[in-house]
Amino acid sequence: MKGGPGARVLALHLGLIAALFAAQFVLGAYHHTNLARIMVLATYAVGYNLLLGYTGLMSLGHAMFFAAGMYGAGLSIYYLGFGAIPGFALGVACALGLALAFGAFALRTSGVSFLIVTMMFGQAFYLTILYFNQVTFGDQGFILSDRLPAALVDPDVKYNAALLVFAACFLASAFLVRSPFGRILVAIRENEARARLLGYDTYTCKLVVLTLSGGMSGAAGAAYALLFSYVGASFAAILNSIYPLLWTLLGGAGTTLGPVLGTGLMFYLVDFTSGWTSAYLFVVGGALLVLVLFFPLGVMGTVRAKLAPWIP
């Protein structure tokens, strides 16, 4: 007897997490490390997708939330001697606080104006990191390996820690978008004026989802600092805000699985082509063009539209 859509959705999401858990036992060292990195970056994309895919707000400043989590964790460990877990918690708290404060101001704009405001604040955050380079070490960055527990050097610990962070954010995202609040976000994406007419406080809803999105991005940044022992200003640059946009659009904006698939595809596309040619960006660009032409809704968006409409 077949289960309902809810059971299928739960099985799909838990199945992905189970597959990622099992993968560590069969992967070689190289792909084992790569997949841990992909899961951290996919967490970043999952957070971004809440804002773009489900609420219709495009941001070019999300790198500041990723960097806020990274620097919140990294600086507290480097200068204050925090442990890994307190450092991670502080990093997430910094990203949540920044997202809340930023959203209270930026969400008074919309459309292209919101996009420009996010880009400006993101660049201001990046330049601030560079300006205080005596503390942040600027573009050079700093490493945390000698200040972290020895257990975090173990590849298996890194992998499972990355999986834990990813699974928490991934399942939270899946629960959120299927909840009544998630339906309100989709209503805002489709027609905000009509959502307001129905009595919803769209400003508060957008502020909540921006804060959650920033918090997940910050969790990814904090996890990256802890698991890969490096903190640097390049993670706050605009390019790091463009990456989650590409990952989300490639995998399928407005689908829970899309950002995860898009992150993995983009990561390995760059990884493989850069090993063949120094002009790998041309190959990557061509591949992305083909994918956009044949999968205009993203890979998972196209799969949902043509094969499995029950996928959230």
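Observations, loosely collected:
- Taking G286, G232, G199 in turn, the Gaussian network model of the chain (Cα-Cα springs below 10 Å) assigns the largest fluctuation to G199.
- Taking trypsin sites (Lys or Arg not before Pro) as exposed when DSSP calls them loop and at most 15 other C-beta atoms lie within 10 angstrom, the chain has its longest site-free stretch at 109-312.
- If the chain linking L171 and I238 were pulled fully straight, counting 0.36 nm for each residue of separation and taking away their Cα-Cα distance, it would gain 21.3 nm.
- Residue of L291, L185, L35 that the Gaussian network model of the chain assigns the largest fluctuation, springs spanning Cα pairs under 10 Å: L291
- Segment 220-312 shape via C-alpha gyration tensor axes, a/c threshold 1.5: oblate
- Segment 128-173: chymotrypsin sites (Phe, Trp or Tyr not before Pro) in DSSP loop, at most 15 other beta carbons within 10 Å: F132
- Taking the chain and dividing mean pair separation by its residue count, relative contact order in percent (alpha carbons under 8 Å, at least six apart): 31 percent
- Spin-label pair Y30/Y268, simplified geometry with 7 Å Cα→Cβ offset, distance in nm: 1.3 nm
- Taking 0.36 nm per residue of sequence separation and removing the Cα-Cα distance, the L10/Y203 pair yields an extension gain of 66.5 nm.
- Spin-label zone in segment 46-79 - amide nitrogen under 18 Å from a point set 7 Å from the Cα of Q134 along the C-beta vector: 79
- Tensor-based shape of segment 1-85 (alpha-carbon gyration tensor, a/c under 1.5 rounded, otherwise prolate or oblate): oblate
- Computed about its Cα centre, the charge dipole of segment 5-238 is approximately 600 debye, with only Lys, Arg, Asp and Glu carrying charge at their Cβ.
- Among M64, M300, M266, the largest mean-square fluctuation in a Gaussian network model of the chain, built with springs joining Cα atoms closer than 10 Å, belongs to M266.
- Look at the alpha carbon pairs under 8 Å that are at least 6 residues apart: their mean separation over the length of segment 150-292 gives a relative contact order of 16 percent.
- Euclidean distance between Cα centres, segment 234-254 to segment 93-159, Å: 15 Å
- Three-way shape label, segment 5-238, alpha-carbon gyration tensor, a/c 1.5: oblate
We did not get these values from a lab; they are worked out from the coordinates using the rules stated. Since the model is a prediction, treat every value here as computed from it, not as a measurement. Note that we place each Cβ from the backbone using ideal geometry, even for glycine, and neighbour counts take in every protein chain shown.
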